[in-house]
1. Please specify each residue of the range 201-242 satisfying the condition of being within 18 Å of S137 (Cβ to Cβ), open to solvent by 10 Å² or more (accessible area, probe 1.4 Å) and not small (G, A, S).
2. Just the residues that are farther than 16 Å from G286 by Cβ and basic (K, R), please, taken from the range 299-356.
3. Would you check which residues across the range 214-263 are of a type outside the set (A, V, I, L, M, F, W, C) and either under 23 Å from V165 (Cα atoms) or touching an Asp or Glu at 6+ places or on another chain (Cβ under 6 Å) (or both) and list them?
4. So which residues in the range 244-263 are outside any helix (DSSP H, G or I), under 21 Å from L274 (Cβ atoms) and among the hydrophobic types (A, V, I, L, M, F, W, C)?
5. Considering (1) open to solvent by 10 Å² or more (accessible area, probe 1.4 Å); (2) free of Cβ contacts under 8 Å to residues at least 60 places away in the same chain, say which one N245 fails and leave the rest.
6. Looking only at the range 56-69, count how many residues are outside any strand (DSSP E or B) and free of Cβ contacts under 8 Å to residues at least 12 places away in the same chain.
7. Restricting to the range 13-55, count the residues that are open to solvent by 20 Å² or more (accessible area, probe 1.4 Å), among the hydroxyl-bearing types (S, T, Y) and outside any loop (DSSP other than H, G, I, E, B).
8. Looking at E66, is it of a type in the set (D, E, K, R), farther than 30 Å from E14 by Cβ and in contact with a strand residue (DSSP E or B) (Cβ under 8 Å, 6 or more places away or on another chain)?
Amino acid sequence: MTVQPFRFLVTQQEHERHPRTKDVLAAQVSVPALFPDSFRAYSALKGELCRDIYGDMPYGVYVAPEAVLSGKGALISLSDGKLIREQNAGLLEHDDLLKELASFTPSASGREAARIEEAVSLVSTCTDCFWHWMMDSLPKVVLTEESGFSGAYIVPTGELARTCVESLALLGIGPERCVPYSDRGCAVTRLWIPTYFSGFNAPFNPAFIKRYRERLLSSAKIDMDSPERMYVARKSSARHRRVINHEAVEVTLKEYGFGTVFFEDRTLREQISLASRASIIVAPHGSGLTHSLFMKEGSSLVELFPFRRNYSCDCYERLATVMSHRYVSLESDTDRGDDLFVDIEKLRAILGAVVR
């Protein structure tokens, strides 16, 4: 795979759906341009640069005074109404984000809501997704903690709220430092804004990714039995990307020594611990594959895709390159919408190549 840096692009069709988006995007201001003197270096990777959507930038944080967080995506604006662009980058063509940008006006709502003296925002329009939480938001904690931050973290509410708190605890952040975000917004006297990082750019930042991985692994490892060859399955109650012929897949994988795991039945600590013991993971495309980060380097990853997969969804292949995993994908031959049907003979051929 040829890996390209991830870029946030808004298509002409999207501009037509949300006409003001282009103007609002153009009006966003860079944090380094606004607050160059506030930069605090990230000491653990001194001399290295983070490759992100704005080019190569030093690891670290900037401090913005009198910032306001507004709306579902916690868009960051300053007291003069300027919208800071770093918070919005890298969120794909996420329609909720485009709607927020298109309708954005400097709001007093944050000023009327709770005020926080010193904080880092871990909220975006995509933090309802485990991948984006683990690979876009949570890495900010490593940057800020090692840059001397000791304030509060503004965290999302909703389905991932428990996971957010649990993952922060693995990085040494207790619940007393977590402030749940409300759509009413909030005002922050000193908002720390880390160098923008996206999991899509993980292959360009391997040293940082591996350091982040080790921080989580050192806290998460527990003693438990787990299969080295693991089928990370989705339950029939899942909303999408269900394996239609799950039973046939499970029987086939069992012949090759695989055990079936449902991550949703496990705590985050257990999920990471299970993944750290796996040498091969087979799983449908989805957030569970984020745990391939915690497998032993040089392991194997088999990703199952729906029919005519979206080729921009290569986030787990990118992650595999960081960890030097052998990566293989298998696309469904039949159109089942977001669900998928696995060709058992093709699966056997792949297993014959990766199982040693």
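The values are calculated or read from the model by the stated rules, or taken from the named source; none is laboratory data. The shown structure was predicted, so the numbers you read here are calculated from the model rather than taken from an experiment. Positions of Cβ are backbone-derived with ideal geometry, glycine not excepted, and every protein chain shown enters the neighbour counts. We work out accessible area using only protein heavy atoms, side chains counted, and drop any ligands, DNA or RNA first. Shrake-Rupley method; radii C 1.70, N 1.55, O 1.52, S 1.80 Å.
1. Matches in the range 201-242: R211, R213, R215.
2. R308, R326, K346, R348, R356
3. Within the range 214-263, the subset of a type outside the set (A, V, I, L, M, F, W, C) is 214-215, 218-219, 221, 223, 225-229, 231, 234-237, 239-242, 245-247, 250, 252, 254-257, 259-260.
Those that are of a type outside the set (A, V, I, L, M, F, W, C) and either under 23 Å from V165 (Cα atoms) or touching an Asp or Glu at 6+ places or on another chain (Cβ under 6 Å) (or both): E214, R215, S218, S219, K221, D223, H240, R241, R242, T260.
4. Residues satisfying the conditions are F258, V261, F262.
5. Among (1) open to solvent by 10 Å² or more (accessible area, probe 1.4 Å); (2) free of Cβ contacts under 8 Å to residues at least 60 places away in the same chain, N245 violates only (2).
6. Total satisfying the criteria: 0.
7. Selection size over the range 13-55: 2.
8. Details: of a type in the set (D, E, K, R): yes; farther than 30 Å from E14 by Cβ: yes; in contact with a strand residue (DSSP E or B) (Cβ under 8 Å, 6 or more places away or on another chain): yes.
Answer is yes for this residue.
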